[in-house]
Amino acid sequence: MEKIVVIGGGAAGMIAAGTAASRGKHVILLEKNDKLGKKIYITGKGRCNVTNSSDIEELLNHVTTNKNFLYSAFYTFTNDDLIHLLNKYGTSTKVERGNRVFPKSDKSSDVIKALEKYMVSHDVDIRLNTEAREILIKDKEIMGVKLSDEKIIDCDKIIIATGGMSYPTTGSTGDGYKFARKIDHNISPLKPALVPLEIEEEWIKQLQGLSLKNVSLTTFYKNREIHTEFGEMIFTHFGISGPIVLSMSSYISDYLNNEKIKAFLNLKPALDEEKLDKRIIRDFEKYSKKQFKNALSDLLPSKLIPIMIQLSGIQEDKYVNQITKNERKRLVDLLLNLPMTITKTRPIKEAIITSGGIDVKDINPSTMESKKMEGLYFTGEVLDVDALTGGYNLQIAFSTGYLAGTSV
Ligand SMILES: Cc1cc2nc3c(=O)[nH]c(=O)nc-3n(C[C@H](O)[C@H](O)[C@H](O)COP(=O)(O)OP(=O)(O)OC[C@H]3O[C@@H](n4cnc5c(N)ncnc54)[C@H](O)[C@@H]3O)c2cc1C
């Protein structure tokens, strides 16, 4: 019986192992942690946004890097196939806003359990606390895998599913790149993607912990608009994070290599200038005998009020009935365009995804087999593919993992 070693017990590795074993292969899965799927466990804030139920073309449209490479994988093992597999192995799912799919229990551990069941039911030999150190090749043929304790496992084929470089405490420490480099694979530069952003302005620190809903963020490079995102964000001690910021990072990271990026936060995107002005006039009538600092509580969260007062240049103790039309216009403008300067992304270890990785030109997109080494397969985040938030990145891991498992 052909012997396959899968390196990495994350999303890609588990599905690859289960699938190869379901086809009668003898499969050994190596995971260096003491449990499977440590990264899956922290996905979706512990709820695991496991895929997205949009149609396949729509899924592909959310892939940021090397979309074309993923056609075969996405059409061979679809989002429906994944949901079906999870259901079959005991985890039912539900669909939420934006077609995001989660386990019905809201527990990421249920996704891991289903994948483990899939593997166990097909007799995958799961070896935890087992770290692959080196891939052994002789005369251009795969011989086996050397472990960190120097033991050797002989095998005919290897699937590398070691993940990227982000959140390294989950086990994704970039080992797959080392293996690939040794066998002359090209590695596209590794960069953080879906990552929080650092902000230059000092006032940002006073907002730490404040989260905002229904706001929009627009970025500019040399006065040219790059992108707008609408939704939720949060202020942190270094800058900004949260869903719209993580998505925005994918659009601006290339620009940030050279320069700072100007961003404008619209705190009231549902209102245009005229409507917002009318709304403020109403508030000012209501609070006409109060000081400016006591007139903004209907409009803004309390943490933001001192910052907006400072940036508006209107004296905080000025009585509202003395605020001039020009001052009011300045406030309107600030609410619609709060300026911030993005200096850089946070480091890769804080990124949701590693962009870059094994150059897809070295990989056959119909099988995930290396074009440089017969019998060697790469799947999941170790490849130079990545997508936006919404369940797409896990679908990449599952689809490429399945394809490798069905091709070995
Ligand atoms: C905080 C956070 C939240 C996220 N939320 C979502 C979400 O909700 N939806 C979504 O689609 N995506 C999400 N992602 C992205 C998603 O988790 C990854 O894209 C996906 O887990 C990649 O799967 P993988 O199997 O390729 O790699 P990983 O899940 O990283 O698995 C790699 C495995 O290989 C093991 N390994 C590495 N080297 C070795 C070695 N030498 N020997 C043995 N084992 C080894 C590691 O220990 C690890 O278990 C999130 C990521 C983060 C960090």
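The values are calculated or read from the model by the stated rules, or taken from the named source; none is laboratory data. These numbers were taken from a predicted model, which means no experiment stands behind them. Quick reminder, even Gly has a Cβ in these numbers, built from the backbone with ideal geometry, and neighbours come from all protein chains shown. Keep in mind that these areas ignore ligands, DNA and RNA; they rest on the heavy atoms of the full protein, side chains included. Shrake-Rupley method; radii C 1.70, N 1.55, O 1.52, S 1.80 Å.
Things to note:
- Each of residue 182 and residue 92 was given a label point 7 Å from its Cα along the Cα-to-Cβ line. The distance between the two points is 4.7 nm.
- Dipole magnitude of the stretch 329-381 about its Cα centre (Cβ charges: Lys, Arg +1; Asp, Glu -1), debye to nearest 20: 440
- Mean-position separation - Cα centroids, the stretch 15-77 and the stretch 120-199, in angstrom: 16
- Amide H within-cut-off set for residue 386, under 5 Å, with H built and near neighbours excluded: 64, 65
- Ranked by the mean number of other Cβ atoms within 10 Å of their residues, highest first, the peptides 167-176, 106-115, 398-407, 315-324 fall in the order 398-407, 106-115, 167-176, 315-324.
- Rg/Rg_ref, the stretch 237-311, where Rg_ref = 2.2 N^0.38 Å and atoms are Cα: 1.46
- Couplings 3J(HN,Hα) of the stretch 206-212, computed from phi: 6, 9, 3, x, 6, 10, 10 Hz, in residue order, whole Hz [Karplus 6.51 cos²θ - 1.76 cosθ + 1.60, θ = phi - 60°; x for Gly and Pro].
- Note on residue 3 and residue 350: the extension gain reaches 121.3 nm, defined as 0.36 nm multiplied by sequence separation minus the Cα-Cα distance.
- Viscosity 0.890 mPa s, temperature 25 °C, Stokes-Einstein D of the chain from Kirkwood C-alpha radius, µm²/s: 106
- For GluC sites (Glu not before Pro), the sites in the stretch 176-274 that DSSP calls loop and that have at most 11 other Cβ atoms within 10 Å are 259.
- Taking each residue as 0.36 nm, the span from residue 258 to residue 61 lengthens on full extension beyond its C-alpha to C-alpha distance by 68.2 nm.
- Take the stretch 196-345 with all the other protein chains still there, run a 1.4 Å probe, and you get 51 Å² of accessible area per residue.
- Charge dipole magnitude, Cβ of K and R +1, D and E -1 - the stretch 196-345, Cα centre, debye nearest 20: 500
- Dipole magnitude of the stretch 259-338 about its Cα centre (Cβ charges: Lys, Arg +1; Asp, Glu -1), debye to nearest 20: 140
- Cα pair distances exceeding 26 angstrom across the stretch 196-345, given as percent: 27
- Listed residues 305, 16, 43: farthest to the positive end of the dipole of the chain (Cβ charges): 305
- With R₀ set to 25 Å, the beta-carbon distance separating residue 310 from residue 282 gives a calculated FRET efficiency near 0.55.
- Note on the chain: with neighbouring protein chains present and a 1.4 Å probe, carbon and sulfur make up 47 percent of its accessible heavy-atom surface.
- Only lysines eight or more places from residue 349 in sequence, or on another chain, were considered; those with a Cα closer than 17 Å are 38, 39, 45, 191.
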